[in-house]
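**Q** Encoded as structure tokens, here's the structure I'll be asking about.
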Amino acid sequence: MQVTETKSEGLKREIEVVIPAADLAARLQERLVQAKDQVRLKGFRPGKVPMAHLKKMYGRSMMAEIVNDIVNQTPRSVIAERNERSAMQPEIAMTEDEAEAEKVLSGETDFKFTVSYETLPAFEVKETSGIKIERPIVEIEDGEVDEQVTRIAESTRSFEPKDGAAESGDRVTIDFVGKIDGEAFDGGSATDSNLVLGSNSFIPGFEDQLIGASAGDERTVTVSFPDDYGAPHLAGKEAVFDVTVKAVAKPNELTIDDELAKQLGLESVDRLRTVVREQIESQYGQATRQKVKRQLLDALDKDYDFTLPEKLVETEFQNIWTQVTRELEQAGKSFEDEDTTEEKARAEYRRLAERRVRLGLVLSEIGEKNSVTITDEEMQRALFEQVRRYPGQEQQIYDYFRQNPDALAGLRAPIYEDKVVDFILGQADVTDKVVTKEELMAEDEADAETLAASAA
């Protein structure tokens, strides 16, 4: 095998590989010898098929398999021998001339092909112990726990029939049909729907117009969907609902005790409060993690500046751009609605793609140099979490991930990233700062950028 570098520009490489016809013939001969004792042909005893006849029958197909094996295996070994790492799957270019290809398959000429790829950039991993992180912490007060417990109790509150007009806090059972410009719209109708007045469960203004209604009343409710309503075809539009009140019920006394806890599958109200506190802690903990991770990635982003593989950046950009344009389309909005232009948006998301790729490479290198690994148990747990999201399709989902290395790598990447982040945080200078829950839960403009690219 002859290997010649034909291009070396920055991170870009191009390698020409030549497999002499004699080497191809030798490989073919090995396969024919192996097949001789296994092939069964009419008119020949087992193992007695002449090699020339065997080659005539199977030589071309065997040579095609040999060529395919070479194309699949050689680029990886050649790149490894050069002590390089390809940023993405190398591109293989072979002759498109049918006559030339036929000569290769018939063993008449050398097999030539070109391997094109970009290498991963080399850079020095910097010290992480000097990174300063301020970890926002919320101290959970008993009043917040009690408020959440009260909400839970409200959701289980029982009602009893009531004569007379509905008041705020009462539950009405209604049928309704919603129309826009006189035409009923999808999702705007229901029968025997229970609605607690004052719960703000429906479109703003809907519940207020049912206060004072009694069982048997028919009302016309006119409301406008919010401009940011989830369904773009309804956002900002006025709708008229024909409502029939079928029943009115008043709430029974709200009691927070052990009986309530038992209804929820817990042994006592104290245990309920403990569970609620743990849930709040978990919610705040996730938000804290997000803020801390953002600070860490920002610090790493400032510390590193190196040339990035163009195709890796382009792939990441296309992934981001596809998601952005899809979300705009679903919302029925344009870039102008977002106070920008497509050109400016492309430039912004290109920078985001570069950041993600850079941080992905940095985290990958830090993890590798510090022997950060993922256990089989962690992968199995991640796979199980994916499988359980699709009840009834468990086996299909399991088989999909097992048969698709790229999909499995997609599960591995965020686990690895989080473990590397934890490793760095273990070395960084982290101090806690008590903040309000409003400060903690406030979204940063660039929170969506927190995740580093997992492409590395």
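**Q** State, to one decimal in nm², a quarter of the convex hull surface area for the C-alpha atoms of the chain, i.e. the direction-averaged projected area.
**A** Numbers: hull surface 142.0 nm².
Mean orientational projected area (the chain, Cα hull): 35.5 nm².
**Q** Further question: log₁₀ I(q)/I(0) of region 102-178 at q = 0.16 Å⁻¹, via Debye over equal Cα point scatterers, no solvent, to two decimals?
**A** -0.97
**Q** Moving on to the next point. Skip the ligands, DNA and RNA, and give the accessible area per residue of the chain with a 1.4 Å probe, whole Å². It would help to have the intermediate numbers written out before the result.
**A** Working: 27680 Å² over 456 residues.
Per residue, the chain has 61 Å² of solvent-accessible surface.
**Q** Which residue, chosen from SER268, ILE180, ALA190, occupies the Cα position most advanced towards the positive end of the dipole of region 180-295, where the dipole is computed from +1 (Lys, Arg) and -1 (Asp, Glu) charges on Cβ about the Cα centre?
**A** Comparing the listed Cα positions along the dipole, SER268 ranks first.
**Q** Once you have the Kirkwood Rh of region 174-240 from its Cα pairs, apply Stokes-Einstein at 20 °C and 1.002 mPa s and quote D in µm²/s. Write down the numbers at each step before the final one.
**A** Details: Rh = 12.7 Å.
My calculation gives 169 µm²/s for D.
**Q** Here's another thing I want to ask about it. Shape verdict for region 1-113, please, from the Cα gyration tensor: rounded (a/c under 1.5), prolate (a/b greater than b/c) or oblate.
**A** In terms of gyration-tensor shape, prolate.
**Q** A further question follows. Note the full-extension length gain between GLU385 and THR6 as 0.36 nm times their separation in residues minus their Cα-Cα distance, in nm to one decimal. Working shown, then result.
**A** Details: separation 379, 0.36 × 379 = 136.44 nm, distance 4.67 nm.
Length difference between fully extended and current span is 131.8 nm.
**Q** Let me ask another. Starting from the Cα-Cα distance between THR436 and MET88, subtract it from 0.36 nm times their residue separation and give me the gain in nm to one decimal.
**A** On the way: separation 348, 0.36 × 348 = 125.28 nm, distance 4.44 nm.
The THR436-MET88 span can extend by a further 120.8 nm.
**Q** Same structure, new question: With angles folded into 0 to 90 degrees, how steeply does helix 142-156 sit against the dominant principal axis of the chain? Use alpha carbons for both and round to 10.
**A** So the helix axis and the longest Cα principal axis differ by about 80 degrees.
**Q** Beyond 18 Å, what share of the Cα-Cα pairs of region 290-364 is found? Please give it as a whole percent. It would help to have the intermediate numbers written out before the result.
**A** On the way: 1351 of 2775 pairs.
The share of Cα pairs beyond 18 Å in region 290-364 comes to 49 percent.
**Q** Which values of log₁₀ I(q)/I(0), to two decimal places, follow from the Debye formula for region 76-214 at q = 0.11, 0.16, 0.20 Å⁻¹ with a uniform point scatterer at every Cα?
**A** Cα-only, vacuum Debye calculation for region 76-214: -0.70, -1.07, -1.23.
**Q** Give me Rg/Rg_expected for region 275-399, where Rg uses Cα atoms only and Rg_expected = 2.2 N^0.38 Å with N residues. The partial results should precede the final answer.
**A** Values: Rg = 19.2 Å, N = 125, 2.2 N^0.38 = 13.8 Å.
That works out to 1.39 for region 275-399.
**Q** Where Rh is the Kirkwood radius over the Cα pairs of region 139-194, the temperature 4 °C and the viscosity 1.567 mPa s, what D in µm²/s does Stokes-Einstein return?
**A** It diffuses with D of about 87 µm²/s by this estimate.
**Q** Right, next: If you stretched the chain out fully between ARG271 and LYS36, how much longer would it get, using 0.36 nm times the residue separation minus the C-alpha to C-alpha distance? Write down the numbers at each step before the final one.
**A** Working: separation 235, 0.36 × 235 = 84.60 nm, distance 7.44 nm.
Taking ARG271 through LYS36 to full extension adds about 77.2 nm, to one decimal.
**Q** Within 10 Å, count the other beta carbons around each residue, average over each peptide in 342-355, 108-121, and list them highest first.
**A** Values: 342-355: 15.4, 108-121: 18.4.
Listed from highest to lowest mean packing, they are 108-121, 342-355.
**Q** Taking the Cα centre of region 174-274 as origin, sum charge times position over the Cβ atoms of Lys and Arg (+1) and Asp and Glu (-1), and report the length of that vector in debye to the nearest 20. Present the calculation step by step, with values, prior to reporting the outcome.
**A** Working: 8 positive and 19 negative charges, 20 e Å.
Magnitude of the dipole: close to 100 debye.
**Q** Also: Checking the table LYS293/LYS344; LYS237/LYS437; LYS103/LYS311; LYS344/LYS437 against a 29 Å threshold on Cα-Cα, which pairs fail?
**A** On the way: LYS293/LYS344 27 Å; LYS237/LYS437 34 Å; LYS103/LYS311 34 Å; LYS344/LYS437 34 Å.
Beyond 29 Å: LYS237/LYS437; LYS103/LYS311; LYS344/LYS437.
**Q** Rounded to a whole number of µm²/s, how large is the Stokes-Einstein D of region 251-314 at 10 °C and 1.306 mPa s, given Rh as the Kirkwood radius over C-alpha pairs? All intermediate terms of the calculation are to be shown ahead of the outcome.
**A** On the way: Rh = 16.1 Å.
D, rounded to a whole number, is 98 µm²/s.
**Q** In addition: Would you compute, from DSSP H runs of 4+ residues alone, the mean residue ellipticity of the chain at 222 nm, taking -39500 (n - 2.57) per run and dividing by the full residue count, rounded to the nearest 500? Intermediate results must be reported in sequence, preceding the final value.
**A** Numbers: 12 runs with 211 residues, N = 456.
When only DSSP H runs of four or more count, the value is -15500 deg cm²/dmol.
**Q** With N set to the number of residues, divide the alpha-carbon radius of gyration of region 168-285 by 2.2 N^0.38 Å and report two decimals.
**A** Normalised Rg, Cα atoms only: 1.39.
**Q** Based on the Cα atoms of region 48-114, what semi-axes does the equivalent ellipsoid have, where each is the square root of 5 times one gyration tensor eigenvalue, given in whole Å with the largest first? Spell out each step's value before the answer.
**A** Numbers: eigenvalues 172, 44, 15 Å².
Over the Cα atoms of region 48-114, the ellipsoid semi-axes are 29, 15, 9 Å.
**Q** Round to a whole number: what % of the accessible area of the chain belongs to carbon and sulfur, probe 1.4 Å? Can you show the working numbers first?
**A** Working: 12320 of 27680 Å².
About 45 percent, which is the carbon plus sulfur part of the accessible surface.
**Q** Working from the pairwise distances between different alpha carbons, so that the mean of 1/r is found and then inverted, what is region 234-349's Kirkwood radius in Å?
**A** Roughly 21.1 Å, rounded to one decimal.
**Q** When you have a sec, figure out the Kirkwood radius of region 76-141 from all distinct Cα pair distances and drop it here in Å to one decimal?
**A** Hydrodynamic radius (Kirkwood, Cα only) of region 76-141 equals 17.2 Å.
**Q** Measure of size requested: the Rg and Dmax of region 341-387, with Cα atoms as the atom set and Å as the unit; please supply both.
**A** Over region 341-387's Cα set, Rg and Dmax evaluate to 16.7, 47 Å.
The values are calculated or read from the model by the stated rules, or taken from the named source; none is laboratory data. From a predicted model like this one, the values you see are computed outputs, not experimental measurements. Note: ideal-geometry Cβ built from the backbone for every residue, glycine included; neighbour counts use all protein chains shown. Note: accessible area is taken over every heavy atom of the protein model, side chains too, but ligands, DNA and RNA are not part of it. Shrake-Rupley method; radii C 1.70, N 1.55, O 1.52, S 1.80 Å.
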